[in-house]
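Presented below is the structure to which this report refers.
Derivation of every value follows stated rules applied to the coordinates shown; laboratory data play no part. Since the model is a prediction, treat every value here as computed from it, not as a measurement. Counting neighbours? That spans all protein chains shown, and the Cβs are built from the backbone with ideal geometry, glycine included.
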Amino acid sequence: MPSSAAPSGQGAGGSSGGIPPAPAPEGVGLFSRVAARLRGRSALTASLLAGPTLVWLLLFLILPLCVILVYSLGSRGAYGDVVLGFSFDNYLKAFSPLWFPVILRSFAYAAIATLLTLLMGYPLAYFIALFGGRRKNLYLILLMLPFWTSYLIRTYSWIVILRTQGVLNTVLTSLHVVPEPLNLLNTPFSVILGLTYGFLPFMTLPLYASLERLDKSLIEASYDLGANRLWTLLKVTIPLSLPGIVAGTLLVFIPAVGDFVTPDLLGGPSTMMIGNVIQSQFLSARDWAYGSALSFSLMAILLVAIFFYVRRVGTEDLV
Amino acid sequence: MSRKPRDQRVKAKGLRVFVGFVYAFLFAPIVVLVLFSFNNSKRNAVWKGFTLKWYDALFHDTAVLQALQNSFKVAVVATIVSSIFGTLAAYALVRYRFRGSGIYNGAIYIPLVIPEIVFGVALLTFLRAVSINLSMTTVVIAHIAFTVSYIVVVVRARMVGFDRHLEEAAMDLGANELQTFLHVTLPFMLPGILAGALLAFVLSFDDFVITFFNAGVGATTLPLKVYSMVKFGVTPEINAISVFMLATTSIILLVYYKLQGAPPGATIKGAGEE
Amino acid sequence: MKKLDRELRVLSVDCLNAPVSRRGFFKRAGAAGLLLGVPGLLAACGGGSSTTTSGASGTPTTQKLADTLNFYNWSDYIAEDTIPNFEKEYGVKVVYDNYSSNDALLAKLQSGATGYDIIVPTDYMVTTMLGLNLLQEIDLANVPNIVNLYARFREEPFDPGNKYSVPWQWGTTGIGYNSEKVTGFQPSWDMLWDAQYKGKITMLTEIRDIFAVALFKLGYDANTTDPAQIDEATQLLIEQKPLLKHYTSDTYIDELASNDTWLAHGYSGDVFQAQAENDVVQYSIPSEGAIIWVDSMCIPTDAPHKYTAEVFMNYILEPEVSAAISNFVVYASPNEKAEEFLDPTILEDPSVYPPQEVQDKLTFMKELGADTELYNTAYEKVKAA
């Protein structure tokens, strides 16, 4: 049987009307007939598959964002409405040095939280994928179970744990680990802890999806050839699970930067993040034009960062 | 099964302990949450004694139960739809190079980078501008819009590097397209789809900001109900709801595992394995 | 009943659809089209035109009750049988939804019609909403019980004559403090700057509330637009920041109750809730002055059931109904005739119903229009410090 002329692996579509793959038994079912018609018309197939998502995002995301873009070029009316105009003043304000500490802080907190979720999530995903056996899905659901409760209540519970007379301090002081209760709440510590906690599944699940398809025999082969655990981990496992790491990093870092509820509830006066700033523009300050400009600026920065990150990590196929 | 070197077995033990700690971390606030659902006090602040009254209140509180039901309905529908859309899109992006795929990729990331309040306000403004009235449906629309990207990212991470030879081999062996898809491709994608769907469900279930702006009259979801109580006191009744949900899910899981044994979605590890 | 209700609905939908149908919108949806079309749509749907504001005079007197009433209120701000009794008496089904912040309410209303008949914004927010043409005039002929109100609530600075708002409950913004941990408490805003309680002090999050405290402390008017005074206030607030636990508009209730916060800038009713959990918590109205606020029922411009809303407002102003609400939520009622039905402990509590000399020092917060920018900019300096 002549093997398929189309290369296997990523992006195998090629140009439309390319060399057709090996002749396969023609099924008569609807699926087969549709597939037969689409064979070789990769652009059309791709469009059909990607279509629904595209239409949805176009209608309910892109178009609404155009409205916000228009706002960002306007200014604040007397009562907090948007006076339309065409000026970049808001963008100039958005990049004022006043916000640099806030932006840096947001990126720093998000980065630390992402690192922590990676350090916790990788072993967890590894365990479930490779040692989970028949109970894989059970472990996954156990992972998600805490998040089927209200976010607010979970955060209140953390407050109960972290506050001055809270659970943690009571344990620490009664065991004489510390002489006095620690001030854990309303600090950078509590904010980062909150972020890490809230985003742990967002790191673990993509990691799991990627690790799960790892061929165990590769790992065993590595041991057989004399490598130790660390070397195998670094040179075999991690590179193979890179797509998962990239996906997880993106799914944690990006929302974490813009998070406002966590610093709101668990933070102090000096832990303000960019999400809080934007939030307050839309609500308290009622300057939607400025808030919109801030949002777009943040989005632009993040999109650029994503682009360079993915390019650097070398998995262009994810972009 | 396969020969495991001794230090790999030891590694497993260290790994298990670490994983145990992670799960403990995950469930720490849950333990507190459960405890306080029995708190004889209107607030979640100080422990005042044991009572079951919040569970009683919960079962008589139609507003909260309705909100819970709404949240579920929205989350289930949104998850299913965005799983389908997102999986198809991920498949297209990995398999095919088409014009505009670069921009399309960028567009996928936008829901992730956009601040929630901006998205909520933008969508509401847009919906009103085209005269779509707010309702439960608009909530679902919004939820699909912001969850689909997560599905795409997760499924795509799974799909990258999928060996097409498997599909060809299947077809060479006599399977038609549908069978190939159902028995080779789809099972491979399934853990990714499942992982993405779990994320999407939780995102939808717990969403507040976007839902607030796009919910119609009476379309109150659980987060809306809970957050609206923040001003005047989030009573332990909300803890009771959470406990109720945890308990129900746990019982379902228990029953399921007793009945089924091995869970579905067993995966293909590579040619020649299992 | 059905025909007139349908007419009402048609009229309100007409406003929303305004000059452009859905298809028309997409036809013009080029970048230029958006710039031109969107403001027009938004203006029309926001009820900017004068024809929609005068809902009462524009439409024929619709004296028939609708089947439903959509009521959007703060959470837990009502007695248990207020709504059930209304439903029984008038045969109207009430859909009751809740929110927990003026700002979020406004943002939602601003973005487009929400379908609610009654909302309950706080006083300064009423001014803002009027400025944005989001409210319609109330036909007071349908609210005869309006005469039950105390005189001060019939001549409110933000809405004299109750043309757009009918008061619901009122309260003050003062200091909640832990009487055991805070020795030598003085009823003064200075307490919130006391360094010996560093890390145990909280302030509210609303910009105007925060600045009001500093302005009162400096002896200025809480509604000043003098940049020099605002600057002084900004400096004071920046000095205060290191002493604060955090800014919060809600968690301070739990914190006071659990002895985590000892001095909280807070709303009267909130502090009373904390007090119910922990009786060492007390409420104080500082002698320099404080903000008095009133939450009022208003009718959004696009409310589908205006007449029913007015009937509901009238019902709320019945003495027993007003009193029941106050007794339950422990805020003060604006309804003078409700006094005889109020729980005496509430009526005699000077924190809830302050004596006259304290009342004289209470100020309403005024919406400052374009001058709000002064406060916004000042707040950013405080935030970034």
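What the table below lists for this structure:
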item	result
Sites matching GluC sites (Glu not before Pro) across region C:63-109 that sit in DSSP coil, with at most 16 neighbouring C-beta atoms within 10 Å	C:E80
Cα centroid separation - region C:319-385 against region C:146-218, whole Å	7 Å
Dipole moment magnitude, nearest 20 debye, chain B about Cα centre, only Lys, Arg, Asp, Glu C-beta charged	780 debye
Percentage of interatomic Cα-Cα distances in the protein assembly as shown larger than 44 Å	36 percent
Least to most buried among A:M203, B:M189 (fewest other Cβ within 10 Å first)	B:M189, A:M203
Packing-based exposure ordering (other Cβ within 10 Å, fewest first) of C:I119, C:I207	C:I207, C:I119
A:S270 paired with B:L186, simple spin-label distance in nm, labels 7 Å along Cα-to-beta-carbon	5.8 nm
Shape call, region A:136-250: gyration tensor on alpha carbons, a/c limit 1.5	prolate
Dimensionless Rg/Rh of region A:87-318 - Kirkwood Rh, Rg from C-alpha atoms	1.04
Label-point gap, in nm, between C:T183 and A:S174 - each point 7 angstrom along Cα→Cβ	2.9 nm
At R0 = 41 Å, FRET efficiency that the Cβ-Cβ distance of A:R33 and A:L233 yields, to 0.05	0.30
Net charge contributed by nearby residues that have their C-beta within less than 15 Å of A:L193 (K/R +1, D/E -1)	0
Sparsely packed chymotrypsin sites (Phe, Trp or Tyr not before Pro) within region A:257-312, loop by DSSP, other Cβ within 10 Å at most 13	none
Folded to 0 to 90 degrees: helix B:62-95 orientation relative to chain B principal axis, Cα	20 degrees
Paramagnetic reach from A:S96 in region A:264-285 [backbone N under 19 Å; point 7 Å along Cα→Cβ]	A:272-285
Full-extension gain in nm, C:E373 to C:V147, via 0.36 nm per residue minus C-alpha separation	77.6 nm
Inter-label distance for B:D172 and A:D89, nm, one decimal - labels placed 7 Å from Cα along Cα-to-Cβ	7.0 nm
Cα gyration tensor shape of region C:54-172, rounded if a/c is under 1.5, else prolate or oblate by comparing a/b with b/c	rounded
Whether region B:62-260 is rounded, prolate or oblate, judged on the alpha carbon gyration tensor where a/c under 1.5 counts as rounded	oblate
Excluding exposed DSSP-loop trypsin sites (Lys or Arg not before Pro) (at most 15 other C-beta within 10 Å), longest clean stretch of chain A	A:42-319
For region B:193-247 versus region A:82-100, the gap between their alpha-carbon centres in whole angstrom	34 Å
Across A:K93/C:K383; A:K136/A:K216; C:K88/C:K306; A:K93/C:K366; C:K241/C:K381, pairs whose alpha-carbon gap is larger than 22 Å	A:K93/C:K366
Neighbourhood net charge (12 Å Cβ-Cβ; Lys/Arg +1, Asp/Glu -1) for C:N314	-4
Mean Kyte hydropathy of -1.0 or more with a Cα span along the axis of at least 18 Å, helices from DSSP in chain A	A:42-57, A:100-126, A:188-211, A:242-257, A:288-313
Computed E for B:F21/A:A78 - FRET, C-beta separation, R0 56 angstrom, nearest 0.05	0.50
Chain A - mean residue ellipticity at 222 nm from DSSP helices (-39,500 (n - 2.57) per run, n ≥ 4, rounded to 500)	-19000 deg cm²/dmol
Neighbour net charge for C:A151 - beta-carbon separation under 15 angstrom, K R +1, D E -1	-3
Volume per residue of the C-alpha convex hull in region B:184-236, rounded to whole Å³	111 Å³
